[in-house]
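The values are calculated or read from the model by the stated rules, or taken from the named source; none is laboratory data. Model, not experiment: these values are computed from the prediction. Cβ placement follows ideal geometry from the backbone for every residue including glycine, while neighbour counts extend to all protein chains displayed.
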Amino acid sequence: MAAAREQLQAHEEWTGVVLDLILPDGYGLDLLSEIRQSHGGLPVLVLTGELNRDVVNKVQTMRGEYVCKPASAENLNPFIQRALAQERVDDAAIGQRIEHLARQLKLTRRETELLTLSVDGLSRKELAQALGVAENTVKAQIRSLLKKSGARSLATLAQKVIKGATRDTVPPEEASAAID
């Protein structure tokens, strides 16, 4: 944990952090808590060999993601893509806006991933590649996202998210009006 703290302090900007729950000199959730205090919305993925509902809930409460070992590319790629998209967008307000809409519209994890990647301007084919699924699967998932949001297209929804985040003064009760 000391080595991780040192690295986090040595560099201001990170794309994301992958940490183990059990560290030689500490507990991963303690480090996650420190990351939240020092690096706010930085994407964090917690890896562990144990599946414990209480720990999973705590990780999610601290806005982290959780993957059980052995981790596969299928489990890691969505996290990596979201972290890279957030870095390229380079605006915490957009990430917060997406998180708020995901909760408000009850988006699935995949719909949230689609929205995040679409804000980064990925085409449908690029979305399918980034998510490791067929283009027809992405089409179906986009339809579901658009139905929930009431938007006419994914590009339109992404633009509204960006515009709403750049205003950064949209109160939660007005957020649904901003995507209509």
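Here are the numbers for this structure:
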item	result
Verdict on V55 being surrounded by 14 or more Cβ atoms within 10 Å (Cβ to Cβ) and under 17 Å from the mean Cα position of the chain (by Cα)	no
Matching option when the condition is over 26 Å from S33 (Cβ atoms), outside any helix (DSSP H, G or I) and not assigned by TED's automatic domain parsing to the domain that holds V18, among R110, R143, R152	R152
Which numbered condition L42 fails, given (1) outside the structural domain of L122 (by TED's automatic domain parsing); (2) surrounded by fewer than 18 Cβ atoms within 10 Å (Cβ to Cβ); (3) closer than 23 Å to S118 by Cα; (4) hydrophobic (A, V, I, L, M, F, W, C)	(2)
Extreme residue, surrounded by the most Cβ atoms within 10 Å (Cβ to Cβ), among residues of region 120-167 that are closer than 18 Å to E74 by Cα and small (G, A, S)	A130
G121 vs. criteria outside any helix (DSSP H, G or I), outside the structural domain of T61 (by TED's automatic domain parsing), closer than 19 Å to K163 by Cβ and modelled with pLDDT under 85	yes
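Conditions tested, residue by residue: (1) at pLDDT below 80; (2) touching a helix residue (DSSP H, G or I) at 6+ places or on another chain (Cβ under 7 Å); (3) surrounded by 15 or more Cβ atoms within 10 Å (Cβ to Cβ).
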residue: E50; (1), (2), (3): no, no, no
residue: Y66; (1), (2), (3): no, yes, yes
residue: K69; (1), (2), (3): no, no, no
residue: S72; (1), (2), (3): no, no, no
residue: P78; (1), (2), (3): yes, yes, yes
residue: Q81; (1), (2), (3): yes, yes, yes
residue: L84; (1), (2), (3): yes, no, yes
residue: A102; (1), (2), (3): no, yes, yes
residue: L105; (1), (2), (3): no, yes, yes
